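Structure first, then comments.
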Amino acid sequence: MSTLHLIDHPMIQHKLTIMRSKETGSKDFRQLLNEISLLMGYEVTRDLPLEDEEIETPMGHMVAHKVAGRKLAIVPILRAGLGMVDGLLTLVPVARVGHIGLYRNEETHKPVVYYCKLPSDIQDRLVIVTDPMLATGGSSCDAIQMLKERGCSNIRLMCLVAAPEGIALVQKEHPDVDIYTAAVDEYLNKDAYIVPGLGDAGDRIFGTK
């Protein structure tokens, strides 16, 4: 069973509360999502392996630590997942970025694939899939499956708000993929939106309806 990591740092919770408010406009919403993504990135990458390196500081010689060559890829699920990329790139500027385009059929609530562009060596990288809202879990599961079909074996899912239904589906279909989220909300409504949630993340990021 995959592990659910609830990242409840006070600053993340504070910023998330502001994002949830319907009074928060797109500019502030985008900025807060960027900030939260950076903070969450510390936890998502907490177990990256380190190696020793001998260096000279202004005061003398020492053996220091650096990340041991682990290559990363950030793969947002379009379009809302794009809002989490810049924060992660601030933390890991050398990460490659792929894109998976999915949209939800408003009648069936099932994801439909329309785009996929990934780094050529994606199978050799730790892949962080980003999507602010883990609602039904359908889009995330489909994106993860697409990555696995391309040889990826080290995948992590990073979202902002998750519903129990979405968590359960990812854990059932992809028990080897850990989930990182800042909140687990109550349930999905009849339109498959998270309650209390924060509305449609894509619309709020880009100012669309």
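Okay, here's what the table says:
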quantity: The chain: C-alpha pair distances exceeding 30 Å, %; calculated: 21 percent
quantity: Filtered GluC sites (Glu not before Pro), the stretch 51-131: DSSP coil and at most 11 other beta carbons within 10 Å; calculated: 106, 107
quantity: Average accessible surface area per residue within the chain, 1.4 Å rolling probe, Å²; calculated: 51 Å²
quantity: Nonlocal amide H pairs with residue 5, under 5 Å, H built at 1.01 Å; calculated: 179, 180, 181
quantity: Under 16 Å from the residue 38 label point (7 Å along Cα→beta-carbon), backbone N, the stretch 1-25; calculated: 11-16
quantity: Given 22/71; 22/110; 27/148; 71/209, the pairs whose alpha carbons are separated by over 32 Å; calculated: 22/71; 27/148; 71/209
quantity: Choice from 99, 14, 174 with maximal GNM fluctuation in the chain (Cα, 10 Å cutoff); calculated: 14
quantity: Within the chain, helix-based [θ] at 222 nm, where runs of 4 or more DSSP H residues each add -39,500 (n - 2.57), nearest 500; calculated: -9500 deg cm²/dmol
quantity: Along each principal axis, Cα extent of the stretch 33-145, largest first, Å; calculated: 66, 29, 18
quantity: Euclidean distance between Cα centres, the stretch 124-138 to the stretch 145-209, Å; calculated: 7 Å
quantity: Two-site FRET efficiency, residue 145 against residue 189, from Cβ-Cβ distance with R₀ of 25 Å, rounded to 0.05; calculated: 0.45
quantity: GNM result for the chain, Cα springs below 10 Å: residue of 55, 122, 194 fluctuating most strongly; calculated: 55
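The values are calculated or read from the model by the stated rules, or taken from the named source; none is laboratory data. Just so it is clear, the model here is predicted, and its values are computed rather than measured. A quick note on method: Cβ atoms are made from the backbone with ideal geometry, for glycine too, and the neighbour counts reach across all protein chains shown. We work out accessible area using only protein heavy atoms, side chains counted, and drop any ligands, DNA or RNA first. Shrake-Rupley method; radii C 1.70, N 1.55, O 1.52, S 1.80 Å.
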